[in-house]
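The values are calculated or read from the model by the stated rules, or taken from the named source; none is laboratory data. Bear in mind the structure is a predicted one, so any value in this text is a computation, not a measurement. We place every Cβ from the backbone using ideal geometry, glycine too, and count neighbours over all the protein chains shown.
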């Protein structure tokens with residue numbers, strides 16, 4: 001019983017230091033950094049599949065590096081795969097819940113899918129975390145103002161052309 005306070009303090013110290021090191025991104029593995037750079041070059045050149053391959057290889061080399069998820073999400077959005085991009089943004093947010101780029105990117109992908117209310121929730125989080133003057137906040141606010149870029153086509157909007165043929 002007399003060791004209880006010392007044991008409690010020691011276990012609390014171990015728990016705090018372990019959890020603090022878990023969320024730190026730090027510098028990527030040099031091989032992963034090289035692969036990420038290759039992916040960025042490929043994505044800028046329009047080779048999205050080559051970029052995704054490089055980013056996934058970087059993720060295999062260094063799975064704890066959050067910016068890799070952000071690059072994968074950017075590539076997915078460029079391919080028009082907003083759902084996949086949202087998945088990658090959420091993976092980045094699991095590692096770093098206050099990542100402004102991930103919050104803004106997820107909100108923009110939600111806008112592109114048409115989920116404006118969910119995007120507004122991200123905007124509210126960004127405003128509380130980094131304020132109105134933050135570039136990510138302004139970018140997401142602009143995306144919400146412009147609305148979704150893809151138009152949804154309903155069955156009523158598409159009228160088939162009637163063609164009558166004689167036998």
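You will find that of 166, 150, the residue that is at pLDDT 80 or above and not in a helix (DSSP H, G or I) is 166 and no other. For segment 85-115, the set of residues classified as in contact (Cβ under 8 Å) with a residue 40 or more places away in the chain and more than 20 Å from residue 135 (Cβ to Cβ) consists of 95 only.
Given the structure, is residue 107 under 27 Å from residue 48 (Cβ atoms) and outside any helix (DSSP H, G or I)? Spelling it out, it is not the case that residue 107 is under 27 Å from residue 48 (Cβ atoms) and outside any helix (DSSP H, G or I).
Which one of these is within 25 Å of residue 28 (Cα to Cα), outside any helix (DSSP H, G or I) and modelled with pLDDT of 85 or more: 92, 98, 102, 76?
Numbers: 92 fails: outside any helix (DSSP H, G or I); 102 fails: outside any helix (DSSP H, G or I); 76 fails: outside any helix (DSSP H, G or I).
Exactly one residue qualifies, and that residue is 98.
Within segment 125-138, the set of residues being surrounded by fewer than 18 Cβ atoms within 10 Å (Cβ to Cβ) and under 18 Å from residue 112 (Cβ atoms) comprises just one member, 138.
Of all the listed residues (109, 73, 58), the sole one being over 20 Å from residue 143 (Cα atoms) and surrounded by 24 or more Cβ atoms within 10 Å (Cβ to Cβ) is 58.
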